[in-house]
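Below is one structure, written out as structure tokens, with a few remarks after it.
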There are 2 protein chains.
Amino acid sequence: MKSTHPASEVQHATDLYPSRISDTPSITERRDPVVYSAWSPNCSITEEQSEFYRRNGYLFIESFFSPSEVQGLKEELKRMWAASRDSADGEVIREPDSDEVRSIFNVHRSSDVFKALSGHSRLKSITDYILGSETYIHQSRINFKPGFTGKEFYWHSDFETWHVEDGMPRMRALSCSIALEDNYHFNGPLMVVPGSQMDYVSCVGRTPDNHYEKSLRRQQYGVPDHDSLAELVQRYGIDTPVGKAGSIVLFDCNIMHGSNSNITPMPRSNVFIVYNSVENKLQPPYSGQPPRPEFIAARED
Amino acid sequence: MKSTHPASEVQHATDLYPSRISDTPSITERRDPVVYSAWSPNCSITEEQSEFYRRNGYLFIESFFSPSEVQGLKEELKRMWAASRDSADGEVIREPDSDEVRSIFNVHRSSDVFKALSGHSRLKSITDYILGSETYIHQSRINFKPGFTGKEFYWHSDFETWHVEDGMPRMRALSCSIALEDNYHFNGPLMVVPGSQMDYVSCVGRTPDNHYEKSLRRQQYGVPDHDSLAELVQRYGIDTPVGKAGSIVLFDCNIMHGSNSNITPMPRSNVFIVYNSVENKLQPPYSGQPPRPEFIAARED
């Protein structure tokens, strides 16, 4: 019988991080470093910052970008938002219960401003240090969580999805979230489980075909179970790194994170840039299914 | 033509706080005191606490109840929760998108434990002081916001609903929320707009008949508009009084409040008791519609 998934014929010799295969969830140990370089005084972060990242899986840096830099990014976001309102483009993702735009992907290719941002030299020197090699942009997006009606993003490990659906072999990638508005603890900020980057939560259920078309609006597969989440939070607690516009959060690809809804009038908008090591380039998806589109998971340079 | 609402034949001489009448929202000034008594050294709260309440419309008191008192209340809540799981009783309110129990009303009548709680002498001496008279229980309920799936409560002034739907004439009532679990800023705590008790936000739209059957699950009328909410938050900001189990928040009937969703594993459960001045007893509803049931708005002693 002929497979409907050409990609499924590609066999992976070993899958260090199997998920969506078993009927029961499990938590296993990380098999990769978190910080890939040895610290030295010429690093662009301090030894304390490096150690904080290694232990907690994230690093918050206040005022990384200046107010005028933030202003430039906000104007570009506003421009792109207006342009995408009536767009049928797949890169424009809408809220699950309305046509409000929730995210625009691939902005490091479609916008000169965000392209320049993704090559920001101090940022790149930090990501190259943490990932221990040259890096490239695996994914970029701008997120807009409106006031009054902003919906939650449920808990997830990015790596679980990038591994299963995109074929990212190892945990050697990180996200940089840039706050374009002041963040408060009450307007649905990013919540992370500090330390959870050391645990890999295997999820249950097979991934349906073309899952990404729905999952970017509302995730249904690759969702960690309640018991595993309760266990992680019991072990490590929850942090909510918040600060002024221009602050950044760098976080490991496997840290468990999510955010609550936002009924306050204060909107939240962020730029996300995902850096992956050039030594960790994408393979065929571990699910055996066809790869997701280029705008979600870059395979070309 | 005969009215279908006998209550609508009762005319109110004056309505100081009209709402759901005009097509455009408005913000008008409060016409009543916030603290009805003059402070003296034998009051059960300090002068600073009294002044804080007057200015901000709420007061947070840490460790008002002891751990063993909290334990007793939690056990009773658990017992009532289990008993109500399959109940068709109107006092049991479920989540908008599931059959999970969200609130149980009228617990000061149906439970000896909560009956005793509502008569707690120090609590009553505070409420009598603030409201400047004897008080009675206008409403009581236990709320349970589960972990992982707890939904938001959108912004509202209790008084707006109690006035329009229940016929409460003046702003002379307050709620006491008792935390039965530790509250964090990330598990959907109560958010208040401190100072907003001084502003009355008139809402648009006429109230449908039997609105309460739906509104207790998901509010659709008596909802303040975005511009008014943005204006209030601009003026006053947002506070999230959180603390250990056993802490209480007393808040004015007209303060604007709400809460975000809760995707964390930490559930939240609270007891709410609403005290109203005996000099502020309910009249026919200002909407002209029939009164809501006794378990939501007490008319009998």
Peptide A:258-268 - average C-beta neighbours from other chains (10 Å radius): 6
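Once you order the gyration tensor axes a ≥ b ≥ c over the Cα atoms, which shape class does the stretch A:6-280 get: rounded for a/c under 1.5, otherwise prolate or oblate by comparing a/b with b/c? Working shown, then result.
On the way: a/c = 1.37, a/b = 1.12, b/c = 1.23.
Because its axes are fairly even, with a/c under 1.5, the stretch A:6-280 counts as rounded.
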Of A:115/A:145; A:78/B:244; B:151/B:281; A:151/A:281; A:78/B:145; A:115/A:281, which pairs sit farther than 30 Å apart, going by alpha carbon to alpha carbon? A:78/B:244; B:151/B:281; A:151/A:281; A:78/B:145
Go through the stretch A:233-247 residue by residue and turn each phi into a ³J(HN,Hα) via Karplus (6.51, -1.76, 1.60, θ = phi - 60°); whole Hz please, and just put x for glycine and proline. 5, 4, 5, 10, x, 10, 10, 10, x, 10, x, 5, 3, x, 6
Applying the gyration tensor rule to the Cα atoms of the stretch B:52-209 (axes a ≥ b ≥ c; rounded if a/c under 1.5, else prolate if a/b exceeds b/c, else oblate), the class is rounded
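Which order do peptides A:17-27, B:251-261 fall in by mean Cβ count within 10 Å, highest first?
Working: A:17-27: 15.5, B:251-261: 25.5.
Ranking the peptides A:17-27, B:251-261 by packing returns B:251-261, A:17-27.
For chain A, what is the charge dipole size about the Cα centre, in debye to the nearest 20, if Lys and Arg each add +1 at the Cβ and Asp and Glu each add -1 at the Cβ? Display every interim value, and only then the final one.
Numbers: 31 positive and 41 negative charges, 58 e Å.
For chain A, the charge dipole is close to 280 debye.
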Please list the non-local residues whose amide H lies under 5 Å from the amide H of residue B:26, H modeled 1.01 Å from N, same-chain partners needing a gap of 5 or more. B:202
Give the nm distances, rounded to one decimal, from residue B:72 to the matching residue in every other copy, measuring between label points 7 Å along Cα toward the beta carbon; shortest first. 6.5
Can you list which of the trypsin sites (Lys or Arg not before Pro) found in the stretch B:46-148 are DSSP loop residues with at most 15 other C-beta atoms within 10 Å? B:85
So, in nm and shortest first, the distances from residue A:37 to its counterparts in the other copies, with label points 7 Å along Cα→Cβ, work out as 6.6
Hey, what do the phi angles of the stretch B:111-123 turn into as Karplus ³J(HN,Hα) couplings, whole Hz, using 6.51/-1.76/1.60 and θ = phi - 60°, x for Gly and Pro? 10, 4, 5, 6, 5, 4, 4, 5, x, 3, 5, 5, 4
DSSP loop GluC sites (Glu not before Pro) with at most 16 other Cβ within 10 Å: longest gap in chain A: A:135-293
Cut-off is 10 Å between beta-carbons; in what order do B:161, B:149 appear when sorted fewest neighbours first? B:149, B:161
Residue by residue through the stretch B:280-294, what is 3J(HN,Hα) from phi via Karplus (6.51 cos²θ - 1.76 cosθ + 1.60, θ = phi - 60°)? Round to whole Hz and write x for glycine and proline. 10, 4, 5, 9, x, x, 6, 6, x, 9, x, x, 6, x, 3
Loop sites in the stretch B:244-301: trypsin sites (Lys or Arg not before Pro), DSSP, at most 16 other Cβ within 10 Å: B:244, B:281, B:299
Pick from B:108, B:226, B:156: which is most flexible by mean-square fluctuation in a GNM of chain B where alpha carbon atoms under 10 Å apart are linked? B:226
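Quickly estimate the mean residue ellipticity at 222 nm for chain B, helices only: each DSSP H run with n ≥ 4 gives -39500 (n - 2.57), and the total goes over all residues, rounded to 500.
Per the formula, -7000 deg cm²/dmol.
Each reported figure results from applying straightforward, stated rules to the coordinates on display, with no laboratory input. Worth saying up front: this structure is predicted, and the values here are computed from it rather than measured. Methodologically, a virtual Cβ is constructed for each residue, glycine included, from the backbone with ideal geometry; neighbour enumeration extends over all protein chains shown.
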